[in-house]
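What follows draws every value from the coordinates through simple rules; no lab data is involved. All of these numbers come straight from a predicted model, not from anything done at the bench. Reconstructed Cβ throughout: ideal geometry from the backbone, glycine too, with neighbour counts over all protein chains shown.
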Amino acid sequence: MSFAAFTLVTTLAVGSASSPASASAATGPLSAGAPAPLASTKMKSALDGKLVSIADVAGKAGTLVIFTCNHCPFARGWERRIADLGNAYAKKGVGVILINANDPAKYPEDGFAEMQARVKSLGLQVPYVVDETSNVARAFGASVTPEAFLFDKSGKLAYHGTIDDNHKDPAQVGKRYLKDALEAVVVGKPPAVAETKGIGCGIKFR
Amino acid sequence: MAVVLAVALAALPGVAIGRGAARQTATNRARAPGPRSADLATVMAEIRAPGASAVLVNVWATWCDPCREEMPEIVRFYRRHRADGLRLVLVSADDPERRPEVARFLAKLRAAGARAFIKTGDDMAFINGLDARWSGALPASFLYDGHGLERHFWPGPVTYRELEGRLAEMAGPGGTTNPMAKGHP
C-alpha cells in the first residue's frame, strides 16, 4: 500500500510514470505492526450466542482475525481450511475470531441462522461473530472476504492477507500464506511473508 | 439467487454444457466477445496494444451482484465512446468451468467489440500488476490512456457519470494526453 510500492508498479507497467493514477475511495488496510482496532467491541457469536470481542479471544501466542461470510464463493472455497486452521491454532495459543461484516439485507445467506448452520457443518470451535455495523471491518480497512489479520503475541499486526494461493482446490495449493504466518507467530518469529492478496468478494458494508 | 442457480447448474452438468454450447453459438451470432483465458501478461498486452484512445479494464464475476449491477453503466459508457477508440477489456474472475455462464452473461450485454477474458494465473501477481492499491475485492475498474498509462482506479462499482468525468478529465487541459481528441475536437 505504500506510495513507493505503487510508483514502482506503475513504472514497471508503463515504462515512464509521469504521475500516479488517481483512485476513487481507496482506503488502506491496517499497517504492519498496528494493534487491532475496536478490540473491545462486543459482537454476537454464532458459536454460542454470546457477546465476544477481539480482546476477549486474544491469545498468548497471537490473535487471528478473519473477515469472512457465508455466501461468497471464495469464502466458501476456503471455509473448510479456515475452520481447520482456526480450530488447530486455537489449541496452540492463538486467539481466533471469524467476523462476518456483510449486510444480510444484501445477501440473506449471510444472516445469523446461516452462520449458526456453518458453525455446525464445519465443526467450528472458535467464535464466528456478527459485525452488526460493519464498523470493525471499516476500522481494520478490510475490503474483501476472506481477509485475515494475524497479530503477534505483543498484539502487533504480523500478517495481513489471504489464506493460500488456491481458493478452489486444497490439493493445488502451493503457498500456505496464513498457515506459514501462524507457524512463525506461534514460535515468536516474524512471518517470512507479511502481506498477500487474493481476489475475493467485496465486503457488503452496512 | 445466483448461488442457487449455480448449484443447480453444477448439479446437472449435461444440461449446463448443452445450454452453454447453445449460448456460445448465440454469442458468436451476436458478435459478442467470447471469453478466453488470460493471465496478467495477456491483459497488460490488451491495455498497451496500439489503436485505442483509452482503455477501460473491469474485473468482475457472474456471481458478484455489484459487478452485475454496475455492468450496464460500463456498457453504456463503452457504447458512447467506442467509435472514438475506447477499448473495453472485461476480465472475469469466475472459475474456468463457468465459461458458459460467463459467455451467456456477456452475450446479453450487447457490447460488440469488447474484449473478454477469464482470469488465470496467480492472484497476487494479477492484482498488484494492475494496481498495488487494489485489495483484490470485486468489482474493480481501471482507466488507461492511449499510451497504456493508468489514469484512474475504482475499487468497487463505478457509475456512468464517474466514468464520463474521469474520461473528460483525461482529455481536458489538466491531462497529459488528449485521448478523445479525434472524436471530440
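Below, the figures for the structure above:
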quantity	calculated
Members of A:Lys197/B:Lys119; A:Lys120/A:Lys168; A:Lys60/A:Lys189; A:Lys153/A:Lys175 lying beyond 19 Å, as alpha-carbon distances in this model show	A:Lys120/A:Lys168; A:Lys153/A:Lys175
Net charge of Cβ neighbours under 14 Å - reference A:Val65; Lys, Arg +1; Asp, Glu -1	-2
Alpha-carbon centroids, segment A:58-120 and segment A:136-206: separation in whole Å	12 Å
Per-residue ³J(HN,Hα) for segment A:82-95, Karplus 6.51 cos²θ - 1.76 cosθ + 1.60, θ = phi - 60°, Hz, x for Gly and Pro	5, 5, 5, 5, x, 4, 5, 7, 4, 6, 9, x, 9, x
Rel. contact order, % - alpha carbon contacts under 8 angstrom, at least six apart, segment B:53-168	36 percent
Total charge dipole magnitude, segment A:60-206, about the Cα centre, Cβ charges on Lys, Arg, Asp, Glu only, Debye to nearest 20	300 debye
Spatially proximal lysines relative to A:Lys106 (Cα-Cα < 19 Å; intrachain offsets below 8 disregarded)	A:Lys204
Between 0 and 90°, nearest 10: helix A:3-14 axis offset from chain A longest Cα axis	60 degrees
Calculated from backbone phi, Karplus (6.51, -1.76, 1.60) coupling profile of segment A:44-50 in Hz, x at Gly/Pro	6, 9, 7, 6, 9, x, 7
Nearest 10 degrees, 0 to 90: helix A:112-122 Cα axis against chain A principal axis	90 degrees
Relative contact order %, segment A:32-202, counting alpha carbon pairs below 8 Å whose residues are six or more apart	29 percent
Chain A - Debye-derived log10 I(q)/I(0), Cα point model, q = 0.11, 0.16, 0.18 Å⁻¹	-0.50, -1.03, -1.28
Distance between segment B:141-174 and segment B:44-60 - C-alpha centres, whole angstrom	12 Å
